[in-house]
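Q: Quick one: structure below, then a few questions.
Bear in mind these aren't lab numbers, they're just calculated from the coordinates by the rules spelled out. These numbers come from a predicted model, not from an experiment. As a convention, Cβ positions derive from the backbone with ideal geometry for all residues, glycine included, and neighbour counts pool all protein chains shown.
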Amino acid sequence: MLISFIINGKQAKREIAPDTILLDLLRSMGMKSVKCGCDTGNCGLCTVWLDGSPVLSCSVPAARLEGHTVTTLEGLQEEAAAFSRCLADEGADQCGFCSPGLIINVLALEREIEDPDVNQIKEYLSGNLCRCTGYQSQLRAMMKYFGKSQE
């Protein structure tokens, strides 16, 4: 089946099998920021934006892209730079495997909630599995990025 969609601001068409998962399609298109960490929709490593809202690409049939817009971290490099610096400053980018999914969610939080409180920040952090940092450095980076004091 042929699908037509916008990826990172560019029109695209791809021939896919009916059972293709969005994660696999994106990886085949060179979007290496989109990663598989669990195959169960629990880790957040495969998070992308579908029409501006975060979704787990491992749980979305690629056929749903028809006529829609998908954004990966590759399409958000400028926007992601400031938060990426916060991650590095707080030592929260140890292996970096989980960073793309976390960054996508932080940028979604920034767009969705003008001045997020600590609980909202923690809620967005909770959907991202990290095996290295213990989450405290990521939380510090998010708090710093949103101009919040450590509580």
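Q: What's the ranking of 67-78, 97-108 by average number of surrounding C-beta atoms within 10 Å, highest first?
A: So the order, starting with the most tightly packed, is 97-108, 67-78.
Q: Still on this structure, please answer the following. Run the dipole for the chain about the Cα centre, Lys and Arg Cβ at +1, Asp and Glu Cβ at -1, nothing else charged, and hand back the magnitude in debye, nearest 20.
A: 380
Q: A further question follows. Which trypsin sites (Lys or Arg not before Pro) from region 1-90 combine a DSSP loop assignment with at most 13 other Cβ atoms within 10 Å?
A: Lys32
Q: Starting from the Cα gyration tensor of the chain, take the square roots of the eigenvalues, sort them a ≥ b ≥ c, and report rounded, prolate or oblate (rounded when a/c is under 1.5, otherwise prolate if a/b is larger than b/c, else oblate).
A: Because a/c hits 1.5 or more and a/b exceeds b/c, the chain counts as prolate.
Q: Suppose each label sits 7 Å from its Cα in the direction of the beta carbon; what would the Thr69-Gln94 distance come out to in nanometres?
A: Label at Thr69, label at Gln94, 3.7 nm between them.
Q: Would you mind checking the tilt of helix 77-89 against the longest principal axis of the Cα atoms of the chain, expressed as 0 to 90 degrees and rounded to 10?
A: With both axes taken from Cα atoms, the answer is about 40 degrees.
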